[in-house]
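Here's the structure, in structure tokens; my notes come after.
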Amino acid sequence: MSVSARHYKTTPGYPLPLGAHFTREGAQFSIFSRHCTAVTLVLFDSDAPDSSFEEIPLDPVVNRTGDIWHIAVEGLPDGQLYGYRIDGPYDPGKGHRYNRNKLLVDPCARAITGSRRWDFTRALGYDADSHDGDLSFSDVDSSPFMPRCIAMSRSGLTHGNPFSISERDHIIYELHVKGFTFHPSSGVSKGGTFRGLTEKIPYLLELGVNAVELMPVQEFDEEDNINVNPQTGEKLRNYWGYNTIAFFAPKGSYSSSGNMGEQVAEFRDMVSAFHEAGIEVILDVVFNHTAEGDETGPTLSFRGIDNSLYYILKEDPRYYMNFSGCGNTVNCNHPFVRLFILDVLRYWVIEMDVDGFRFDLASILGRDQNGTIMSNPPLIEIIGDDPILRNTKIIAEAWDAAGAYQVGEFPGRWSEWNGKYRDDIRRFWRGDPDSVGSFATRLCGSADLYGRSGKGPLQSINFVTCHDGFTLNDLVSYRKKRNLENGENNLDGEDYNLSSPWGPEGPDKTVHTTRMRLRLIKNFLATLMLSQGIPMLLAGDEFRRTQRGNNNAYCQDNEISWVDWRLIETNGDLLRFTREMIRFRKDHPVLRKSSFFTGEAGSGADHPDITWHGTRIGAPNWGEGSHCIAALISGAYAELPEGRADKDLYLIFNASKSKLNFEIPPAPSGARWRIAVDTSKPSPGDIYDRGREEYLADDHYGVDKLATVVLVSD
């Protein structure tokens, strides 16, 4: 590297706001570091490894206010590249790992460069060849191999129009930005990008979803996976992105227009396009750990800025608490870290217009600085009550990798991924004994989980599958995971899948197996859309996307993970069924209540809101040997304006291995029953078009084995 001969005029600047911001005079830089002894701002001419640069040391007397180091530099252009070198004690035994040889990413950078491959092996703060391991010190300059931060002005930036969909109407669709459109069959012009995703909005509208939950889009390193596919020798990648480097920065490789800051505008344009179509955007965010890993990991940002403050360390502060399963745990409830996380969330809402967040391993957000779960965690409370975030959707993955499991117990207004819903629905349709009662509880919104804390069914995000685990097709095709291609000897991924192949393990094109697997998939989809709570559908499940039995495809940036749109050609009937089930849910507000069923008659009514039945009216079998249940739901209890009511519904679920004849009770409204859904029938008889349902001939109905039937009053 050569040092530029330029010299810049500087002034002390101001401590807030943090990050890089433009003023009339130039650019203002500000960064927090409590325990360091020196901070140097590094300005680069380009992203090239041998780019010329200028180093500007900050004077601790005039460029420091409290724990914040700041400087203003005149004459810098929009798009200026920069980073930091921070010096201080390298003393792992006391939790400090400062190394000025390592170029650091500004935690508040709005974008970082991605025009070349990074090499974070050069970012180790210690000498990897030393016998002293991480106690040694590295003199290697990481600058040529690191991303550079991009200082960006806010010119032309305007806050979008407020946009919100009621939780009761939510139908969430979880997808991976790249994987959704990268396959050649996607038919988009900009596959694998934010712009490519906008090209699929018509498909999503036709399907009927109104919220997309995007797997991580905050900047991460796709090359940080060291494993190889033992079957092909191919180097594996970090495909999912749960290893954040820069929390304010959208992923540069997901931008079709460039990754030198263009990714910010392209992301905003994508959000705007979704809003114009009436679809919300929810981000999957990862605040529980960072990409720096444990003591053997690279020094990229937080570790080199203030390691002992940003991370929860063990009693021997050389080592990291690992509640995330990824090497480190963010010290979320340190006062400054809380403010940082809040600033990140506000930024994505105010300047990027997103509508909500799903928090990965959210139980970590409730751990104190010693790692103990807190009774009133301040970070979780402030996210729920912050005036900027007050109307955003906040969804917790209410567990972590260290044994915390808080489903039904997450504080405040948070919704939760309902892992018990997933498990109990799978158990029932697999035919497990003693599963009918828990199935009915989940169908009704999980009052056992949410009712005792004063919450309602809309706090339950119901899902059968998500990115983590089997796809819906694989759930009915495999008993055991097939993860050898992940390079971890099939030891990674969940062993407890509650799956059944319903025929020979793996792909099977025989008529009987194909028919039964399709029926089971329809049962799962129907159950999801008939349940109280908020349904979440995994992308591609509606036309049988498969990962070939891989239930942990975090490293598979290939056809295992990419959505293959050719499957629509062979599974178009299932796509139609899914679309019509979503439509059916939207047609019936009694399926989208904000309060739980009581099983009792309400004021002025002569019939309960819900009654339970078996093959005989009024005789549900909750016993261990039972595999069927029916529910009569009165449309009079739909939450509609005075004098209006929904239609009555009769839901029958037969998970037994034989056909059963069900007595059908009269509809509370006195109207005739029509057959709306029967998953045992071939398309289009599996779900009728609105208004064309077939009348029930008598007071009995034969429900085939492993089938769902829905009757709707005339």
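Derivation of every value follows stated rules applied to the coordinates shown; laboratory data play no part. Computed from a prediction, not measured in an experiment: that's the story for all the values here. Cβ coordinates were reconstructed from backbone atoms using ideal geometry, including for glycine residues, and neighbour counts include every protein chain displayed.
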Restricting attention to segment 307-324, the residues that are buried (at least 16 other Cβ atoms within 10 Å of the Cβ) and either without any contact (Cβ under 8 Å) to a residue 24 or more places away in the chain or not in a loop (DSSP other than H, G, I, E, B) (or both) number exactly 7
Note on segment 622-642: residues assigned to a loop (DSSP other than H, G, I, E, B) and either free of Cβ contacts under 8 Å to residues at least 24 places away in the same chain or under 17 Å from Asp424 (Cα atoms) (or both) are Trp622, Gly623, Glu624, Gly625, Ser626, His627, Pro641, Glu642
By residue number, the members of segment 559-580 that are in a loop (DSSP other than H, G, I, E, B) and without any contact (Cβ under 8 Å) to a residue 12 or more places away in the chain are none
Across (1) outside any loop (DSSP other than H, G, I, E, B); (2) within 30 Å of Ile664 (Cα to Cα); (3) in contact with a His (Cβ under 9 Å, 6 or more places away or on another chain), Ala619 clears everything bar (1)
Requested in this report: Would you check if Ala667 is within 25 Å of Asp448 (Cβ to Cβ), without any contact (Cβ under 8 Å) to a residue 60 or more places away in the chain, of a type in the set (A, V, I, L, M) and assigned to a loop (DSSP other than H, G, I, E, B)?
Outcome: no
Filtering segment 369-418 down to residues that are of a type outside the set (S, T, N, Q), in a loop (DSSP other than H, G, I, E, B) and touching a Pro at 6+ places or on another chain (Cβ under 8 Å) yields Pro377, Pro411
task: Look at Leu443 and say whether it is surrounded by 24 or more Cβ atoms within 10 Å (Cβ to Cβ) and under 30 Å from Leu575 (Cα atoms).
output: yes
key: Boolean, Asp360 is surrounded by 16 or more Cβ atoms within 10 Å (Cβ to Cβ) and touching a Lys or Arg at 6+ places or on another chain (Cβ under 7 Å)   = no
Taking Asn551, is it part of a loop (DSSP other than H, G, I, E, B), polar (S, T, N, Q), within 26 Å of the chain's Cα centre (by Cα) and buried (at least 22 other Cβ atoms within 10 Å of the Cβ)? yes
Of the listed residues (Ser33, Ser46), the one being on the phi < 0 side of the Ramachandran plot, in contact with a helix residue (DSSP H, G or I) (Cβ under 6 Å, 6 or more places away or on another chain) and of a type in the set (S, T, N, Q) is Ser33
Result of the Cβ filter at 6 Å on segment 591-611, keeping first residues that are within 14 Å of Asp646 (Cβ to Cβ) and partners that are surrounded by 19 or more Cβ atoms within 10 Å (Cβ to Cβ) and of a type in the set (Phe, Trp, Tyr), at least 6 apart or interchain, is Asp609/Phe597; Asp609/Tyr637; Ile610/Phe597
Residues in segment 73-127 that are in a loop (DSSP other than H, G, I, E, B) and among the basic types (Lys, Arg) total 5
If we ask which residues in segment 681-705 are touching a helix residue (DSSP H, G or I) at 6+ places or on another chain (Cβ under 6 Å) and buried (at least 19 other Cβ atoms within 10 Å of the Cβ), their number turns out to be 2
Residue hits (segment 595-619; surrounded by 15 or more Cβ atoms within 10 Å (Cβ to Cβ) and closer than 23 Å to Pro535 by Cβ) are Ser595, Phe596, Phe597, Asp609, Ile610, Trp612
